[in-house]
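Some notes on the structure that comes next.
The values are calculated or read from the model by the stated rules, or taken from the named source; none is laboratory data. No experiment lies behind these values; they were computed from the predicted model shown. Heads up, the Cβs are rebuilt from the backbone with ideal geometry, glycines too, and the neighbour counts pull from every protein chain shown.
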Amino acid sequence: MPYHGDGTITWDDPCSTQFYHGSPQRLTTLWAGSSVTRNMQLAKAFSHRPTEVWSSRQGEVHHNGSKPGYLYVSDEELAERDLQVHPACDSDDPWELVVKRDVRLTLIARLAVQASAEEC
């Protein structure tokens with residue numbers, strides 16, 4: 001994640017054309033209304049079902065999740081019409097997007113919980 005000199009961190013990766021989803025469950029399809037992100041590290045963190053996710057000043061993603069997880073990538077191209085910014089996100093940093101239709105997924109990694117359960 002890019003860290004800016006003014007102390008802010010941008011969670012979104014607007015240059016990425018990949019959309020990721022992290023889950024503690026095995027999936028083949030992501031249902032409409034579910035979340036995706038262009039930030040792979042965030043998706044990894046969310047795969048562990050955390051109650052909190054945060055980043056260091058260096059941009060490292062941390063979480064308090066305790067479940068093993070799965071990392072997926074969208075198996076379909078997603079266009080702007082297929083997505084909406086999650087209401088909890090700032091429109092200047094849309095790190096979480098909601099899919100408006102069902103989307104096929106490809107499993108790209110099985111993720112063990114780190115020993116500290118804090119860092120992906």
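One table, with the values for the structure above:
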| item | result |
| --- | --- |
| Residue that is surrounded by 17 or more Cβ atoms within 10 Å (Cβ to Cβ) and free of Cβ contacts under 8 Å to residues at least 40 places away in the same chain, where the choices are 53, 36 | 53 |
| Residues being touching a residue at least 40 places away in the same chain (Cβ under 8 Å) and over 10 Å from residue 19 (Cβ atoms) - total across segment 67-88 | 6 |
| Top-ranked residue of segment 66-120 - restricted to ones that are aromatic (Phe, Trp, Tyr) and either part of a strand (DSSP E or B) or modelled with pLDDT of 95 or more (or both), ranked as surrounded by the most Cβ atoms within 10 Å (Cβ to Cβ) | 72 |
| Flag if residue 9 is at pLDDT 95 or above and surrounded by 12 or more Cβ atoms within 10 Å (Cβ to Cβ) | no |
| Residue 37 being of a type in the set (Ser, Thr, Tyr) and in contact with a helix residue (DSSP H, G or I) (Cβ under 7 Å, 6 or more places away or on another chain) | yes |
